[in-house]
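Trainee: Encoded as structure tokens, here's the structure I'll be asking about.
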Amino acid sequence: MKEILVAVDVDGEIDWRSTLPAAVGQARATGGRLHVMTVLPDFGMSIVGQFFPRGYEKEMADKVMKRLHERVAAVVPAGLPVQHIVAEGNVYEAVLKMAEKTRADLIVLGAHRPELSDYLLGPNAARIVRHAKCSVLVVRE
């Protein structure tokens, strides 16, 4: 596993406590590189975009990228290669596209314990697992 894509929620504590450390362990064991990504909603959609001031999308992406760098630095040891990615759009589509773009050998993502409304995995995790062209590690908390 040389190219490891990790999908995180910048504010999701499971990702910083469990998901990213699991990916770091995989990268260390295989000499791999981490691609840590988060996904913003698509503010550019005409129905949504009209409610935000011009330039809001870039400003939000910059803030999220800064936060992603800070959170990753607190978990990933120095010397481990990391690419930081902020994507936009639908979570599962963005993760699957980035997996192809980075030629990921492994996708690592977190999943909360399932509730009655979720059958085994949430909708994004289930779609990623079902449609990924590489292995997927789902980290449960």
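Trainee: Would you check if there is a residue in the stretch 43-63 being surrounded by 14 or more Cβ atoms within 10 Å (Cβ to Cβ), closer than 24 Å to Ala132 by Cβ and modelled with pLDDT under 95?
Mentor: Taking every residue of the stretch 43-63 in turn, none turns out to be surrounded by 14 or more Cβ atoms within 10 Å (Cβ to Cβ), closer than 24 Å to Ala132 by Cβ and modelled with pLDDT under 95.
Trainee: For Glu93, state whether it is closer than 15 Å to Ala7 by Cβ, surrounded by 13 or more Cβ atoms within 10 Å (Cβ to Cβ) and either at pLDDT below 95 or of a type in the set (Asp, Glu) (or both).
Mentor: So Glu93 passes the test.
Trainee: Next up: Does the stretch 79-92 hold any residues that are outside any strand (DSSP E or B) and small (Gly, Ala, Ser), and which are they?
Mentor: Residues satisfying the conditions are Gly79, Gly89.
Trainee: Restricting to the stretch 93-115, name every residue that is touching a Cys at 6+ places or on another chain (Cβ under 8 Å) and part of a helix (DSSP H, G or I).
Mentor: Passing the criteria: only Ala99.
Trainee: Is one or more of the residues making up the stretch 67-78 modelled with pLDDT of 85 or more, outside any helix (DSSP H, G or I), surrounded by fewer than 16 Cβ atoms within 10 Å (Cβ to Cβ) and of a type in the set (A, V, I, L, M, F, W, C)?
Mentor: yes
Trainee: Identify, by number, the condition in (1) modelled with pLDDT of 95 or more; (2) closer than 24 Å to Val136 by Cβ; (3) not hydroxyl-bearing (Ser, Thr, Tyr) that Trp16 doesn't meet.
Mentor: Failing condition for Trp16: (1).
The values are calculated or read from the model by the stated rules, or taken from the named source; none is laboratory data. Just so we're clear, the structure is a prediction, and the values are computed from it rather than from any experiment. Counting neighbours? That spans all protein chains shown, and the Cβs are built from the backbone with ideal geometry, glycine included.
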